[in-house]
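Notes follow the structure.
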Amino acid sequence: MDATTVGRLFARRPPLAAISATTVTSYLALSTNPSFVPVVLVLSCILVAAHDAALTSNDNTSAIILIHWLAVSVGGTLARLGPSWSALSTPWASLALSFVGIALHAAIAIGAARLSWWMASPALHLPSWTQLVAFPAIWTVIEMGLSQTPVGRLLTWTPMSGYHAYTWTLPFVGVSAIDWLAGAWAVALSHGLIASQDVNEPYSDEDDADDRAGHVQKSSSSKHLPLLVVLLAVLAAPLYVYSPSHAVDYGAEATLVPVACILPPASDATALSRYLDESKKFVSTARLLVWPEAAVTVSTREEKDHLFHQVRGILNSQHYTWVAVSYLERVSGMEKFKNTLSILSHDAILDFNYTKQHLVPLVESYHQISSNVQPSVVDLPLEVHRGKHHILHNVSISASICLDFASPLTFQNRTKPAIVLGPASTWHSQIGEAMVAQARARALEIGSHIIWCDGGAGGQSGVLSPYGDDSEFIQPRHDGSWVKTIAVSYPFEEPRTWYSALGNFLALAVLCILIPTAGGGSAFLLQRGTGASKVAGGWATSAKDALMARLRGRAANERTPLLIDF
């Protein structure tokens, strides 16, 4: 391809506008709490850039890819500037690490886009539907793999907000469904952008054969585009029939559990004194009190015993009031700590001790040790008032700590907990908001209430419900302690969600089924030409016929054979 052809290509899609769009959408999308629409937009920009690069010479391909890679990296780094700057004691080192992480992710995203266009090559003879859904499938698997890192989904591009219409998918396949949907909408939008540019600035007779082949190739994969859009719209329809936000009415037999998050105001007193004094205010109104992550620190066995004795002492005669104490415990013979949660009452210590599994790299990993033991599920006996009678109900509970909630596979238990405790401590308001979004997704995936208690300076706390946003409660850290009542069915015999039972297996199975079979099914519908498929088929056929007629017309008007320079 000569310089003139490359110039015409850039004239149709001006580089400054394309690069600006990529930078802006990256800034909007790649915060610590990505939203659905901005993520779709930045993926669309990457797909368009990969398409443009596929139609240019090797030298220009490298230039286009490099510029867009830098645009995504810079935009994403700026989006995370606040939390990155304060993550480490050396701000510039923290910022550099943030840039490297985003740059690597951007390179992977661009590679996935280029691979998807390569799969649309006529030489591979792949079905047009497979070509169309290649990128969403590749992108879903990539994000699934990246979620296995120590920070889980926290630094991936998985949308954690703005997907309300698709909330119903989370109990079945988890947030991998949101990755696929974002990738699919990006494919639809990018094909539309490419098609609109080609209509406004059609290729002239001087365009070489590679350009035409690329456009024929594009039209082949685009003939199922209307069907893909219809599928995406249909997947939003169950929201109006079934939604996690339709809370269950448990009736008179429900177990009402008053829970409290203990967030004492700052003072000159010791941490233990502050948390004990604040807890005393809630022992008569709440039955389960949660302290935030690493509320106190103990260095010896004697200090730990003293901590437990002090906590049990404030409960007085409240025999069935429980306190979830989160503390740092020095490991014997080491200069490192365990980040642990224990649950105790006035006269008992519940057989539940959980140690944090996922430590924040560099920030926590250098002075703490992690655990590889999954959180267990135990029955918590609670006193329930029935008129003049007091009876005991067992409520199944589990727990994880802060960053553990960014890893969806943390809660692959054989038993479904009714309540999951979530002590946390975040260092920045954006991280606090992002972790609430992660915990919200986990609540939807496993179908349990999550008590989120964030004691960090910019943290948010509240009750995250498996029934969606309508029934949850969130407030900022500076508002202090709170108490809320949760209704749990009794007896609690709810089955595990599909995602909790099968993990990523079901998502991978759906991908394997969708790619080869949906193409055949869509072809059948288009051939039948009934209902909505007839309309979609008509659009696809008309577009293809118009394109082929235009190409035949150009070929007939050429005075010389088409020459290809090697």
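The values are calculated or read from the model by the stated rules, or taken from the named source; none is laboratory data. What you see is a predicted model, and the numbers here were worked out from it, not measured in a lab. Cβ coordinates were reconstructed from backbone atoms using ideal geometry, including for glycine residues, and neighbour counts include every protein chain displayed. Quick note on the areas: whole protein, heavy atoms, side chains included, nothing else; ligands and nucleic acids left out. Shrake-Rupley method; radii C 1.70, N 1.55, O 1.52, S 1.80 Å.
Which of the peptides 425-438, 73-86, 490-503, 295-308 is most tightly packed, and how do the rest follow, judged by the mean count of other Cβ atoms within 10 Å per residue? Mind dumping the intermediate values first?
Details: 425-438: 23.3, 73-86: 20.4, 490-503: 17.2, 295-308: 15.6.
Packing proxy ranking, top to bottom: 425-438, 73-86, 490-503, 295-308.
Over segment 93-165, what relative contact order in percent results from Cα pairs under 8 Å that are six or more residues apart? Provide the component values of the computation, followed by the final result.
Details: 27 pairs, mean separation 16.2, N = 73.
Averaging sequence separation for qualifying contacts and normalising by length gives 22 percent for segment 93-165.
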> If each of GLU335 and SER284 carries a label point 7 Å out from its Cα toward its Cβ, how far apart are those two points in nm?
Replying inline: 4.8
> For the pair ARG301 and GLN412, how long in nm is the line joining their label points, each one 7 Å along Cα→Cβ?
Replying inline: 3.6
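If we count every other residue with Cβ under 11 angstrom of LEU289's Cβ, Lys/Arg +1 and Asp/Glu -1, where does the sum land?
Overall, the nearby charge balance is +2.
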>> Restricting to bridges with both residues inside segment 338-451, how much of the DSSP beta-bridge set is antiparallel, in percent to the nearest 5?
In response: 65
> Quick one: ranking HIS224, HIS346 by accessible area, 1.4 Å probe, largest first, what do you get?
Replying inline: HIS346, HIS224
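For segment 248-392, give me the percentage of DSSP beta bridges that are antiparallel, rounded to the nearest 5 percent. Please list the in-between numbers first.
Working: 16 of 27 bridges.
Here the share of antiparallel DSSP bridges comes out near 60 percent.
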> Which entries in the list LYS281/LYS484; LYS280/LYS484; LYS416/LYS484; LYS336/LYS356 go over 18 Å, if you measure between the two C-alpha atoms of each?
Replying inline: LYS416/LYS484
> Quick one: if the Förster radius is 51 Å, what FRET efficiency do HIS125 and GLU493 give, using the C-beta to C-beta distance and rounding to 0.05?
Replying inline: 0.45
>> For a test of the definition: using alpha carbon positions, the gyration tensor, and the 1.5 limit on a/c, classify segment 91-171 as rounded, prolate or oblate.
In response: oblate
> Over what distance in Å are the Cα centres of segment 302-324 and segment 43-117 separated?
Replying inline: 51
>> If you count only protein heavy atoms and use a 1.4 Å probe, how large is the accessible surface of LEU126, to the nearest 10 Å²?
In response: 50
> Got the relative contact order for segment 284-330 handy, in percent, Cα pairs under 8 Å and 6 or more residues apart?
Replying inline: 66
> Each label point is 7 Å from the Cα along the Cα-to-Cβ direction; what then is the distance between the points at ALA17 and PHE473, in nm?
Replying inline: 5.2
>> If I take R0 = 56 Å and measure r between the Cβ atoms of ASP351 and TRP85 in this structure, what FRET efficiency does the formula 1/(1 + (r/R0)^6) give, to the nearest 0.05?
In response: 0.85
> How do HIS358, HIS393, HIS478 stack up against each other in accessible area, from largest to smallest, with a 1.4 angstrom probe?
Replying inline: HIS478, HIS358, HIS393
>> Ordering LYS336, LYS356 by accessible area with a probe of 1.4 Å, largest first, what comes out?
In response: LYS336, LYS356
>> Under 13 Å from a point placed 7 Å out from the Cα of GLN310 along the Cα-to-Cβ direction: which residues of segment 262-296 have their backbone N that close?
In response: 269-280, 295-296
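Figure the gain on full extension for ALA501 and VAL234 (residue separation times 0.36 nm, minus the Cα-Cα span) and round it to one decimal in nm.
On the way: separation 267, 0.36 × 267 = 96.12 nm, distance 2.59 nm.
That pair, ALA501 and VAL234, stretches by 93.5 nm at full extension.
Count the net charge of all other residues whose Cβ sits under 13 Å from the Cβ of ALA109, scoring Lys and Arg as +1 and Asp and Glu as -1. Intermediate results must be reported in sequence, preceding the final value.
Working: positive: ARG114; negative: GLU143, ASP179.
That sum, taken over residues with Cβ under 13 Å, equals -1.
What percent do you get for the relative contact order of segment 273-371 when only Cα pairs under 8 Å and 6+ apart count?
On the way: 174 pairs, mean separation 23.8, N = 99.
It comes to 24 percent, rounded to a whole number.
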> Considering only protein heavy atoms, what is the solvent-accessible area of TYR320 at a probe of 1.4 Å, reported in Å² to the nearest 10?
Replying inline: 80
>> Keeping all protein chains in the complex and leaving out DNA, RNA and ligands, what accessible area do you get for CYS402 with a 1.4 Å probe, in Å² to the nearest 10?
In response: 10
